[in-house]
Each structure stands twice: as structure tokens, then as C-alpha cells.
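Novice: Below you'll find the structure I mean.
The values are calculated or read from the model by the stated rules, or taken from the named source; none is laboratory data. Remember, predicted model here, so these are calculated numbers, not experimental data. Every residue, glycine among them, receives a Cβ derived from its backbone with ideal geometry; neighbour counts consider all protein chains shown. Heads up: the accessible areas ignore ligands, DNA and RNA and are worked out on the full protein's heavy atoms, side chains in. Shrake-Rupley method; radii C 1.70, N 1.55, O 1.52, S 1.80 Å.
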Amino acid sequence: MSNPYNQPGYYPAVVTPEERTGAIAAPLYTIVAMVLSAGWLSFVGPLVVWFIYKDRSPYVRSAAAGSLNFNVWAWVMNVIAWICLVTVVLIPVAIVLWILVTLSFIFHILGAIKAGRGEPFRYPAEIRILHH
């Protein structure tokens, strides 16, 4: 019989303090990297957390994957916004997209809060690169 902890979407009833710390780290590293690198290195923190915990904790693996996948979505929106800016006519669209990307901070904070409580968090938009 296979180990249920290795099944996608399965979380133990009790999340350990170490797992909470790892799950909190993924979105918080993202925020720090967004500020320090203008968003271009925001994937590094969640990717490192995912690699560390991918075989140890499905809860942390899911939190890190969600954070990274949401960052990929934000990157794509940012690139589309820059393309819209270059076309001049679509500058209003670019501004709206940049506002959405900027608001991604809120979802990372919500993800960290939920992780601190030991609850799973699903980001509103993701481009699936890493699986939960």
C-alpha cells in the first residue's frame, strides 16, 4: 500500500512547526526578493523551499509550488504589460496589469498567514510549473 502522504492534495491533520516555518518561508522569501530585485528573482525562494521539502512534506511542497506558480503568473502579466506599454495605445491595459501584479503582495501575505495557521492556501491564479 502506498504512503498517503505522497498523494497530491493530501495533508496531515496536524502540521508540525517545522512544516509551518517552511510553508511561511516560501511566500515571504518571494516578497523580499520582489523588493530587492524588482520582481525578477521572486521565484528563487519558493524554488529553494520546494527542493528542500519536496520529498519531506506535502504541505510545504504545496505551499512552495503555489507561491512559485503564482509568481510565474505575475511574471507573465508583467511581460504582457510591458508589451502593452510599447504599443502606446494599450498603456491603460499595461497600468491595470501592473496594478494586479503589485497587488500580488497581498496574496503572498495571505499565504504566509494561512501557512502560520497550518492551513492550505490556493492562490487565485497560477501557471502550473511545479505540482502541488
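Novice: If you rank V89, V79 by how much accessible surface each has, with a 1.4 Å probe, what is the order from largest down?
Specialist: Sorted descending by solvent-accessible area, the residues read V89, V79.
Novice: Against the longest principal axis of the chain, how steep is helix 44-53, in degrees 0 to 90 to the nearest 10, with axes from Cα atoms?
Specialist: Helix 44-53 sits at roughly 20 degrees to that axis.
Novice: Kindly express, to the nearest 10 degrees and within the range 0 to 90, the angle between helix 58-86's C-alpha long axis and the longest C-alpha principal axis of the chain.
Specialist: It works out to around 10 degrees.
Novice: When the accessible area of the chain is computed with all protein chains present and a 1.4 Å probe, what percentage of it is carbon and sulfur?
Specialist: 74 percent
Novice: With an 8 Å cut-off on Cα pairs and a minimum separation of 6 or more residues, tell me the relative contact order of region 35-132 in percent.
Specialist: 34 percent
Novice: Now for a different question. Once the Cα atoms of helix 104-117 and of the chain are each reduced to a long axis, what angle between those two axes, in degrees from 0 to 90 to the nearest 10, is obtained?
Specialist: Once rounded, one gets 10 degrees.
Novice: Here is a follow-up. In the Gaussian network model of the chain, springs joining C-alpha atoms below 10 Å, which of A81, A23, A112 carries the largest mean-square fluctuation?
Specialist: A81
Novice: Compute the separation of the alpha-carbon centres of region 32-46 and region 106-123 and state it in Å as a whole number.
Specialist: 18 Å
Novice: Sorted by accessible area (1.4 Å probe), largest first, how do T16, T30 line up?
Specialist: T16, T30
Novice: Among A115, A38, A74, determine the one that fluctuates most according to a GNM of the chain built with springs between C-alpha atoms less than 10 Å apart.
Specialist: A38
Novice: Keeping all protein chains in place, calculate the accessible area per residue for region 22-132 (probe 1.4 angstrom), answer in Å².
Specialist: Per residue, region 22-132 has 52 Å² of solvent-accessible surface.
Novice: Can you compute the modelled spin-label distance between E119 and L90, with each label point 7 Å from Cα toward Cβ, in nm?
Specialist: Those two pseudo-labels are separated by 3.7 nm.
Novice: Taking the chain as a Gaussian network, Cα atoms linked when under 10 Å apart, which of W40, W75, W50 shows the biggest mean-square fluctuation?
Specialist: Taking springs between Cα atoms under 10 Å, the residue moving most is W40.
Novice: What is the distance, in nm, between label points placed 7 Å from the Cα along the Cα-to-Cβ direction at R56 and at L103?
Specialist: So the label points at R56 and L103 sit 3.6 nm apart.
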